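What follows is a single structure, written as structure tokens, with notes after it.
The values are calculated or read from the model by the stated rules, or taken from the named source; none is laboratory data. Bear in mind that the values here come from a model prediction, so they are computed numbers and not experimental data. Cβ placement follows ideal geometry from the backbone for every residue including glycine, while neighbour counts extend to all protein chains displayed.
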Amino acid sequence: MQRIYISDVNNNPVVCFNTGLDPRSFARTKMSQSLIELGYIVNPDGSYETWKPAEVNDVNGIMNVQGPLFNGKRLDLLINQSNAASFDASSQAALQAIVVWIKAKMFLGDKKSSLNPGASFVCFEKGKYPPGSVFFAPESISSRCLYLEAVRPDKESPDRYNCSDLTGLNNTAFCAGVMLYTLFTGNHPYPSEDTNQNMRDGTFLPINYAVPNLDEKLSNLIKLALSLPIEKKDVSMSAADIISNILKILIDNNNKIVSISSLFQPISEEKKAKIEKEKKSYLFKQKYLVKSKRFVIQNRKVLTGVSIALLFFIFIMFSMANTISQRPSTKGMQADSVVYGYYSAFSALDHMFMEACLQGADKTDLNAAINLTAFIKTRQAFDMTTPNVIPAGIWKENGGELPHPNVFGITNLKLEYVSGSENDNTVVFHVDYVLWPLNEEFSLNRNDILTLKRDRSNNWKITEILRTER
């Protein structure tokens with residue numbers, strides 16, 4: 001069921017977001033605050049305007065957020081419904097939509113906009129906006145709708161086009177690579193469960209094996225884009241260069257998008273057979289790679305050498321186990337305790353415990369805590385003094401007089417249960433609080449929607465943070 005779509009409401013076409021919430025749940029989760037979040041409409045010339053939701057309506061007992069019409073087609077549906085192998089109009093339209101989406105993201109620069117292609121519409125017909133214009137829906141409300149669209153949100157990521165470990169241009173390049181891979185192969189590069197982990201591990205079939213006759217330079221660029229989230233992977237090209245080179249291939253000298261058929265070249269039967277052989281070898285190696293890594297000790301060593309290696313191995317394992325056991329963890333904590341502990345650790349700049357609470361969620365707070373700690377340590381080293389940083393909670397208890405240049409931390413923390421249960425291994429909370437940034441004139445009112453799931457050790461971890469701030 002599509003929850004982001006264009007519909008007629010009282011003979012007035014609008015963009016609709018089906019929240020899946022009844023009026024009471026909508027009020028309890030404070031979803032109305034998403035109405036202040038902005039979307040963007042980017043024109044082909046690079047100019048853009050903001051888009052705001054206009055109203056909320058009760059449609060058959062379900063709250064729908066609605067806003068001004070953008071007459072376009074949803075990007076993910078264009079990709080999924082196309083067939084690049086047939087070189088038909090649908091595949092050409094999908095390629096055009098991906099290209100203008102990439103350009104629109106580049107035009108927006110650092111402005112926060114949704115990366116999920118399910119939250120983007122591309123205009124193809126003349127109207128209020130010229131063909132080639134792109135609509136980016138507000139991130140929080142669109143993320144909720146796309147989460148509900150997932151067939152199995154408890155087992156698969158609602159956003160299979162982005163990796164939670166990437167930010168900025170890296171995520172833009174990665175998302176572009178996933179879309180192009182899906183378009184040209186007809187299959188998603190990460191079709192199975194544990195999508196984010198597969199992205200980190202790089203467990204996808206290289207596109208040159210999936211479609212051997214695709215332009216070689218474009219295949220290499222897509223492969224590089226999909227390699228960006230791989231842990232300890234040194235990608236030979238920056239995200240900006242990957243995007244730039246992709247656009248150079250897909251846009252001709254007349255600033256027109258190339259025909260999709262021109263991106264495929266005929267290959268000989270001999271080369272096709274060679275590639276098929278390499279593909280089978282690659283899949284075999286990938287399947288048994290994890291198991292092969294476990295066999296580290298060589299059996300041919302003499303008895304003395306084996307004994308020394310074994311003792312060394314045991315020593316290392318004991319040291320690692322001892323180190324891991326001393327690290328902060330959420331073991332034995334309930335889901336709400338993890339949430340309270342996370343925000344308390346943020347106020348205390350305990351970035352090690354904050355990191356223990358996160359698994360795939362946004363690390364903005366963690367990075368802020370690390371940077372602030374580094375700043376304090378630097379002041380201690382160079383000034384030989386300890387900066388007078390006052391915890392916000394203590395400051396407020398003592399009267400909380402303004403100004404507050406040396407105050408940092410969280411106050412007025414309120415936690416509300418939204419959905420899920422321990423039996424389902426997924427719980428969602430709404431958190432409302434005030435953040436007092438160090439050396440800032442004003443405090444920030446934040447509203448976070450936190451999703452927690454159990455990890456492999458059955459410990460609760462924060463896997464997603466959706467934030468609105470004012």
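Worth pointing out:
- Those residues of the stretch 48-73 which are more than 27 Å from the chain's Cα centre (by Cα) and under 14 Å from residue 8 (Cβ atoms), in sequence order: 57, 59
- Boolean, residue 378 is among the hydroxyl-bearing types (Ser, Thr, Tyr), over 30 Å from residue 457 (Cβ atoms) and not in a helix (DSSP H, G or I): no
- Out of 127, 109, one residue alone is out of contact with any helix residue (DSSP H, G or I) (no Cβ under 7 Å at 6 or more places or on another chain) and free of Cβ contacts under 8 Å to residues at least 40 places away in the same chain. It is 109.
- Number of residues in the stretch 85-108 that are modelled with pLDDT under 90 and buried (at least 17 other Cβ atoms within 10 Å of the Cβ) equals 0.
- When residues of the stretch 130-159 are limited to those that are surrounded by fewer than 22 Cβ atoms within 10 Å (Cβ to Cβ) and touching a Phe, Trp or Tyr at 6+ places or on another chain (Cβ under 7 Å), the one modelled with the highest pLDDT: 131
- Among the residues making up the stretch 232-254, those that are in a loop (DSSP other than H, G, I, E, B) and not aliphatic (A, V, I, L, M) are 232, 233, 234, 236, 238, 252, 253, 254.
- Residues (crowded, with 20+ Cβ neighbours inside 10 Å, of a type in the set (A, V, I, L, M, F, W, C) and in contact with a helix residue (DSSP H, G or I) (Cβ under 6 Å, 6 or more places away or on another chain)) located in the stretch 161-203: 163, 173, 174, 176, 179, 180, 183, 184
- Wholly enclosed helices (runs of 4 or more DSSP H) of the stretch 130-231 bearing at least 2 residues within 30 Å of residue 266 (Cα to Cα) and without any contact (Cβ under 8 Å) to a residue 24 or more places away in the chain: 216-226
- Qualifying residues in the stretch 207-243 (those that are farther than 24 Å from residue 186 by Cα and among the hydroxyl-bearing types (Ser, Thr, Tyr)) - the one modelled with the highest pLDDT: 238
- When we screen 429, 375, 408 for residues that are touching a Leu at 6+ places or on another chain (Cβ under 7 Å), of a type in the set (A, V, I, L, M, F, W, C), more than 23 Å from residue 164 (Cβ to Cβ) and surrounded by 13 or more Cβ atoms within 10 Å (Cβ to Cβ), the only hit is 408.
- Across the stretch 7-15, a minimum of one residue is classified as out of contact with any helix residue (DSSP H, G or I) (no Cβ under 6 Å at 6 or more places or on another chain) and closer than 17 Å to residue 116 by Cβ.
- Subset of the stretch 42-84 [of a type in the set (A, V, I, L, M) and either in a strand (DSSP E or B) or loosely packed, with under 14 Cβ neighbours inside 10 Å (or both)]: 42, 54, 56, 59, 62, 63, 65
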